[in-house]
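No value in this document is a laboratory result; all are computed from the given coordinates. All values derive from a computational prediction rather than experimental measurement. FYI the Cβ positions are ideal-geometry reconstructions off the backbone, even for glycines, and counts take in every protein chain you see.
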There are 2 protein chains.
Amino acid sequence: MNTQANLLSDQRCFDGNQQRWRHASSTLGCEMTFSIYLPPDAGPHTPVLYWLSGLTCNDENFVQKAGAQRMAARLGLAIVCPDTSPRGDQVPDDGAWDLGQGAGFYLNASAAPWQSHYRMHDYVVHELPALVSTHFSLSAKKSVSGHSMGGHGALVCALRNPGHYHSVSAFAPICHPMDCPWGIKAFSAYLGTEKDGWLAWDACELMAQASERLPLLIDQGEADAFLAQQLQPTALLAAAGKAGYPLTLRMQSGYDHSYFFIASFIDDHLAFHAQALQT
Amino acid sequence: MNTQANLLSDQRCFDGNQQRWRHASSTLGCEMTFSIYLPPDAGPHTPVLYWLSGLTCNDENFVQKAGAQRMAARLGLAIVCPDTSPRGDQVPDDGAWDLGQGAGFYLNASAAPWQSHYRMHDYVVHELPALVSTHFSLSAKKSVSGHSMGGHGALVCALRNPGHYHSVSAFAPICHPMDCPWGIKAFSAYLGTEKDGWLAWDACELMAQASERLPLLIDQGEADAFLAQQLQPTALLAAAGKAGYPLTLRMQSGYDHSYFFIASFIDDHLAFHAQALQT
């Protein structure tokens, strides 16, 4: 692994530091940018929350719009925000906003032309934490959260990697990608049309075989335009019930799919993760 | 005055509503968009904070990046965010980012070609509050705040209009525009090169003749790249001292000119205004 990384910016925020870093990713075969919030007095006692953003986002949307730094500073939590896909002229792309760059779906692709670069699962679970541990003196304790496509990513990263995270949460996650238009389109491209290969990247399917029980919190807006067709939290609720997985699903009246929704409840999620990471 | 206004969007945020409205402004001679945050249970008891943004901004920057809604909801404060200039193809503009559209400087222009549209002072102080009172059942009590060019705007709106506001605050305001490059460029264009006409739009000059003493809070980052040349809070501090105006100026170590700085201290400003508006 190339452990070189260059600091792009460093801005004071709630007496901590909001930074952007750029590095060459060997997993993805391209240059990547990530953001990190370091709370005041960050050190080996500081656990790390990984935040995975949704379709069309990069490492900056959450940093600028979620208002998370205030509570992260108070709780002593670092937050790492990767980009949502590999990037660059040499990386395959698609004209649509829900496939290719900005839409990596946090999986390891197996089908052409995507399979050489689109390995966001390995990047988020392995390469990026290793890079973070090289450049920052922080705790090895991790949790994971995300929004929409990134909520799917958080669930799948946690369910596929027992022992890796202390807790998992999501805002309006794509709960059952095998069975919704966004997921079917992405999985068909990245994994090929053989659906057996999709099972390992679907939170509802993974939950049935989960060997670990993590604290799991999901918030879902009831006025979210994507709720019924794309997100399907009831499918995850059913899978969790069947598997005996302790899922807290909160349906939030009047809230949509935007960062105004995330901002309204991010403090609850940070407190939820901080509690799990303390134990 | 045309009191028609159309709702563009309405999103739940901290159990209140974040809305955008569009209307024809008779003061500015163009269509304008503004944002308003309505806290939960907004009504005739709910005072209104006017937020004036900085160069290049529109009505959305503060709404998306300052994280103000959480505390506004808790305090029961509405926040109105106008755009930073008149807009549209028929409105004079300049290729530079610090003059013309996006850079109205919250004054009433008197020089060609600006004087017919660039009347942001009258828009912010008179037309917009009248429109707000027509469309929303809120208190008539108002305060004003802003950032950079909008900090200048907040100071000048308050100092020129005794009895209009209950309190005024600013983040990194342009304190003495007559004596800094941004201000000299804008005033020369909008007001003409005769400097006598500039005195009525400069906070340091206005403070010397202020007939009212409002609670006044300013936060300024010490790592702000514009501090020495453009912002000059020490000039305002000197003017306030000479006039016996009670100014609280807080120099914040390590903070720059960005919304990360604003987000870090916005709660203090909202609490400051809420207290003044309660009395």
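Please find, within the range A:116-151, the residue that is nearest to A:Ala78 (Cα to Cα) out of those that are hydroxyl-bearing (Ser, Thr, Tyr) and surrounded by 24 or more Cβ atoms within 10 Å (Cβ to Cβ).
Within the range A:116-151, the first condition is being hydroxyl-bearing (Ser, Thr, Tyr), and the residues that meet it are A:116, A:118, A:123, A:133-134, A:137, A:139, A:143, A:145, A:148.
If we keep only those that are surrounded by 24 or more Cβ atoms within 10 Å (Cβ to Cβ) as well, we get A:118, A:123, A:143, A:145, A:148.
Working: A:Tyr118: 26, A:Tyr123: 18, A:Ser143: 10, A:Ser145: 13, A:Ser148: 22 Å.
Across the range A:116-151, the extreme among qualifying residues is A:Ser143.
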Item checked: Members of the range A:160-207 found to be aliphatic (A, V, I, L, M) and touching a strand residue (DSSP E or B) at 6+ places or on another chain (Cβ under 8 Å), listed by number -> A:Val168, A:Ala170, A:Ala172, A:Ala186
Notebook entry, point to check: Is it true that A:Ala24 is of a type in the set (A, V, I, L, M, F, W, C), more than 14 Å from chain B (Cβ to nearest Cβ), closer than 20 Å to B:Phe261 by Cβ and touching a strand residue (DSSP E or B) at 6+ places or on another chain (Cβ under 7 Å)?
Noted result: no
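Condition check ((1) crowded, with 24+ Cβ neighbours inside 10 Å; (2) part of a strand (DSSP E or B); (3) within 16 Å of the chain's Cα centre (by Cα)) across all residues:
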site: B:Leu159; (1), (2), (3): yes, no, yes
site: B:Ser169; (1), (2), (3): yes, yes, yes
site: B:Lys185; (1), (2), (3): no, no, no
site: B:Trp198; (1), (2), (3): no, no, no
Notebook entry, point to check: Which one of A:Thr46, A:Thr33, A:Thr56 is touching a residue at least 12 places away in the same chain (Cβ under 8 Å), assigned to a loop (DSSP other than H, G, I, E, B) and more than 25 Å from B:Asp267 (Cβ to Cβ)?
Noted result: A:Thr56
Check: Within the range A:227-269, which residues are part of a helix (DSSP H, G or I) and within 13 Å of another protein chain (Cβ to nearest Cβ)?
Finding: A:Tyr259, A:Phe260, A:Phe261, A:Ile262, A:Ala263, A:Ser264, A:Phe265, A:Ile266, A:Asp267, A:Asp268
Next item on the list: Assess whether A:Pro233 counts as being in contact (Cβ under 8 Å) with a residue 40 or more places away in the chain and farther than 27 Å from B:Val63 by Cα.
Entry: yes
Check: Are any of the residues in the range A:75-88 in contact with a His (Cβ under 8 Å, 6 or more places away or on another chain), of a type in the set (S, T, N, Q) and either closer than 21 Å to A:Arg119 by Cα or within 11 Å of chain B (Cβ to nearest Cβ) (or both)?
Finding: no
Next item on the list: Pull up the range B:1-21, narrow it to residues that are in a loop (DSSP other than H, G, I, E, B) and away from every other protein chain (no Cβ under 14 Å), then point me to the one that is nearest to B:His147 (Cα to Cα).
Entry: B:Ala5
Checklist line | Among (1) touching a strand residue (DSSP E or B) at 6+ places or on another chain (Cβ under 8 Å); (2) closer than 20 Å to A:Pro40 by Cα; (3) surrounded by fewer than 20 Cβ atoms within 10 Å (Cβ to Cβ), the one test that B:His257 misses | finding: (3)
